[in-house]
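I have placed the structure first, in the form of structure tokens, so that the comments after it can refer back to it.
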Amino acid sequence: MLPGTNGSGGLFAEAFASAGIASIRYDKRASGPHAMDNVGKLIGKMSMQSHLDELVAAVHALAALDFVDPRHIFGVGNSEGAIHVLHYATTSQDVPFAGLVLAAPPGRPIQTVLLSQLTLQAAQIAGGAELMPKVEEAAARYAAGQPMDPDPALPESVRMVLGSFEAPANLPFARELWVESSCDSLRQVRIPTLVLIGGKDIQIDAHADGGPLQEAAAGMENVAFAFPPNANHVFKEDFRDAAQVAASPGNGYNAPGTRLDPESLDIILTWLKARIPVAQAPKQDRV
């Protein structure tokens, strides 16, 4: 959904392949080339469970390949995706994950994360700060189960973001997501888990989100944290400041010349390789 042809998903897949790790990535049914065909079928059916069903199907497709050892499949989720792999790992599955990589998982309810993102964006436009109370009022109405009803004085782009949580095609998922963070699920995880939050991430904050996540994982020896300083939300190397990122179309994540953050990639590959049983060759471990 972001402009550009060098998305992090593809770059990670190439990096994993170069390291001898097979992987599968997929478009959710409401995105990608078949989105328009699927949206009508999903109205009123989009939910946390429907996203989990998609993930289950993807894992089964991967596990069915003859060169894949289903005992050693790892789940990697970025941002909202971290919530879905956590749901997979904390429910009974025919093909359980061997471990998790949670890249930029929200440690606060999505409502709070969204308001912090909109506050940063509002700071980039004249008079934006004065509009935030109207955004907060709309969010409060939605949290109370009422229509969002955003004020017409808000910029169209902001009204579209708020309105997306009420779009029939996004319900009931949007209301479930509104109150979800990764903390509750993380407490239930019993498999090796790596949590990464980039120092240049303007959506998920190393302190505001990382702090609650670290508290949730206190005493859990299976959970490790890393905070690569130059990684942004999609784990590209980023030397811009927050204002420059917020002012860029699509946050500039897939701009020509952008590349994966080398430190983040090294952390992930080192962590994965330490958990791949060498004796499993020639079958490949995968994410």
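The values are calculated or read from the model by the stated rules, or taken from the named source; none is laboratory data. If you're wondering where the values come from, they're calculated on a predicted model, not measured in any experiment. Glycine also receives a Cβ, built like all others from the backbone with ideal geometry; neighbour counts cover every protein chain displayed. Just the protein is used for accessible areas: all its heavy atoms, side chains included, with ligands, DNA and RNA removed. Shrake-Rupley method; radii C 1.70, N 1.55, O 1.52, S 1.80 Å.
Structure data summary
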item	result
Unique match (being touching a helix residue (DSSP H, G or I) at 6+ places or on another chain (Cβ under 6 Å), surrounded by fewer than 16 Cβ atoms within 10 Å (Cβ to Cβ) and either in contact (Cβ under 8 Å) with a residue 40 or more places away in the chain or of a type in the set (A, V, I, L, M, F, W, C) (or both)) among Gln111, Gln124	Gln124
Total residues in region 27-40, condition without any contact (Cβ under 8 Å) to a residue 60 or more places away in the chain and either surrounded by 12 or more Cβ atoms within 10 Å (Cβ to Cβ) or on the phi > 0 side of the Ramachandran plot (or both)	7
Meets criteria (modelled with pLDDT under 95, surrounded by fewer than 18 Cβ atoms within 10 Å (Cβ to Cβ) and not small (Gly, Ala, Ser)) for Arg259	no
Total residues in region 176-202, condition more than 21 Å from Pro262 (Cβ to Cβ) and either surrounded by 16 or more Cβ atoms within 10 Å (Cβ to Cβ) or of a type outside the set (Asp, Glu) (or both)	17
Candidates Phe67, Phe74, Phe97, filtered to the one that is of a type in the set (Phe, Trp, Tyr) and open to solvent by 30 Å² or more (accessible area, probe 1.4 Å)	Phe67
Pair list, Cβ < 8 Å and 6+ apart or interchain, from region 149-165 residues that are under 10 Å from Val135 (Cα atoms) to residues that are open to solvent by 50 Å² or more (accessible area, probe 1.4 Å) and at pLDDT below 90	Val158/Gln121
Matching residues, region 142-156, being assigned to a helix (DSSP H, G or I) and either among the small types (Gly, Ala, Ser) or open to solvent by 90 Å² or more (accessible area, probe 1.4 Å) (or both)	Ala143, Glu156
